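The values are calculated or read from the model by the stated rules, or taken from the named source; none is laboratory data. Predicted, not measured: the structure shown is a model, and the values here were computed from it. Cβ sites come from the backbone with ideal geometry, for glycine too, and all protein chains shown count toward neighbours.
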Amino acid sequence: HSLDTAFFMHALLSLHNRRFLTPGEEPLDLGTGVLLAIYHDAAEILTGDLPTPIKYYNPDIRDAYREVEQFSAHKLLHMLPEALRPSFAPLLREGYDPGLRTLVKAADKLSAHIKCVEELKAGNAEFKQAAEQTLEALQGYGLPELDYFLEHFLPAFGLTLDELQ
């Protein structure tokens, strides 16, 4: 999942920097963005993954889980040799550039949605509601690079190999 998220992050960042950069805006760093996407769920190494409907059921659960994830990230960081910590600290904490953080969250949601699309394509109807919810969430981000991806690239993920030709 994290590798897929990194692929989608690279695509979104490339679209941002090449098509949707506003005049005077500095390009976002591709390397940093992709690394953030790779490590976006690293805290779950210790906590495990909590399903989204549970994690966001109410603000108390969301806040408690966020605190557990922050503790886990801190614990992971301190398991590393001290000399490596400065290289990993920015990747394990969410205190980085808000623009990159928003794109990581969008790439993560895009990865989840495409997983749903693939499951539906394979005949697994259990993913129908999740596919609808994740698509609605993606459309609500209001990011031009994400909207472009959804319009131009997302349809291909529902195609068979024969249909891609």
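Here are the numbers:
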{"read-out": "Test: residue 122 is loosely packed, with under 12 Cβ neighbours inside 10 Å and not aromatic (Phe, Trp, Tyr)", "value": "yes"}
{"read-out": "Check on residue 36, crowded, with 16+ Cβ neighbours inside 10 Å, modelled with pLDDT of 95 or more and in a helix (DSSP H, G or I)", "value": "no"}
{"read-out": "Pair list, Cβ < 7 Å and 6+ apart or interchain, from the stretch 66-81 residues that are more than 14 Å from residue 40 (Cα to Cα) to residues that are of a type outside the set (D, E, K, R)", "value": "68/47; 75/46; 80/88"}
{"read-out": "Residues within the stretch 7-16 that are of a type in the set (A, V, I, L, M, F, W, C) and in contact with a Gly (Cβ under 9 Å, 6 or more places away or on another chain), tallied", "value": "3"}
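Every residue, every condition in (1) assigned to a loop (DSSP other than H, G, I, E, B); (2) within 15 Å of the chain's Cα centre (by Cα), yes or no:
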{"site": "96", "(1), (2)": "yes, yes"}
{"site": "103", "(1), (2)": "no, yes"}
{"site": "112", "(1), (2)": "no, yes"}
{"site": "118", "(1), (2)": "no, no"}
{"site": "132", "(1), (2)": "no, no"}
{"site": "150", "(1), (2)": "no, yes"}
{"site": "163", "(1), (2)": "no, no"}
